[in-house]
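Beneath this line is the structure, given in C-alpha cells, with notes to follow.
The values are calculated or read from the model by the stated rules, or taken from the named source; none is laboratory data. Only a predicted model underlies this, so the values are computations on that prediction, with no experimental measurement involved. Don't worry about glycine lacking a Cβ; one is built from the backbone with ideal geometry, like all the others, and counts go over all protein chains shown. For the accessible areas, the whole protein counts, side chains as well, though only heavy atoms, and no ligand, DNA or RNA atoms are used. Shrake-Rupley method; radii C 1.70, N 1.55, O 1.52, S 1.80 Å.
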Amino acid sequence: MDTHSPGTKEEGAWGGSDLPPSRQLRLLHLSEIDEADELEQVWLNDFRDVQAVLAEGGGNDEKVQAALQERASSDKGHARVVNGLLFGNICDRSRSPEFFRYLTLVVRDGYAYVCKQLQRIVNEKFTKMIDRGAVQASPQQIQLLELVRRLIGLDVGNGIDRVFLALLRQIQGGSVRETNRWLTRILLQISIENK
C-alpha cells in the first residue's frame, strides 16, 4: 500500500520529508496577515512547559515520567500536559514516538480529553495546517493522521471514532487534488488496517 503523500521517494512512510525539524515549531500555517491563533498559542505554551520538564529530567526517563505524572494529577494540569504532548506529537516529527509514549503514561481519562482535542483540531484547524495552494500534505497533517492511526491501534474507545469521522468530512467530494487523494488513501488504509 502506498502511504506516501504526493512528492519524492525520499519521503517518510506517511509522506513529508525527514529533514530536521525547524527551530520554530508551528501547528498551523498562517500568513503574515493572519491573526495569531489562540489555540495554537495555548498548545505552544503547554508544549514549552513539557519541554521544560524534559530538560529538568536531563535524560532520566523515570524522573521525567514522575514529573509529568505529578503535573497531570489535577484536571487543569492534565489538560496542559496532554495539550503539550499533542503539540509535540503533531509538530515535532523526530520526537513524536517519545511524546506518544509519555502521552500514554499520563492519560487519566481513557483518552477522552485527547480525542476531544483532536476532534477540535480536525474540525476547526485541519485546513489551516497546510499552506494555501500546497501540492502535498503538511508534516503536521501527516503527523496528525499518524497519531490517529496509533490511537485507533490502541483501541481507544472514548471518541476516536468521532475524530476519524471528522477526518472523513475533510475529504472534498469531486476534488482530484493530490492532497485530497492522499487524505482519502490514508484514511482508507487506516480503515483496512483496523477492520
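Among residues of the range 124-154 being of a type in the set (D, E, K, R) and at pLDDT 85 or above, the one that is farthest from the chain's Cα centre (by Cα) is 124. Scanning the range 49-102 for residues that are among the small types (Gly, Ala, Ser) and either part of a helix (DSSP H, G or I) or closer than 18 Å to residue 148 by Cβ (or both) gives 52, 55, 57, 66, 67, 77, 79, 84, 88, 94, 96. When the residues of the range 72-84 are filtered to those that are within 21 Å of the chain's Cα centre (by Cα) and open to solvent by 60 Å² or more (accessible area, probe 1.4 Å), the one that is nearest to residue 105 (Cα to Cα) is 80. Of everything in the range 152-183 that is of a type in the set (S, T, N, Q) and closer than 24 Å to residue 114 by Cα, the residue that is most open to solvent (accessible area, probe 1.4 Å) is 158. Consider the range 96-151 and keep the residues that are open to solvent by 20 Å² or more (accessible area, probe 1.4 Å) and free of Cβ contacts under 8 Å to residues at least 24 places away in the same chain. The one that is farthest from residue 42 (Cα to Cα) is 133.
Restricting attention to the range 30-53, report how many residues are open to solvent by less than 60 Å² (accessible area, probe 1.4 Å) and at pLDDT 90 or above.
Adding up the residues that qualify gives 6.
Considering only residues in the range 184-195 that are at pLDDT 90 or above and not β-branched (Val, Ile, Thr), the one that is surrounded by the most Cβ atoms within 10 Å (Cβ to Cβ) turns out to be 187.
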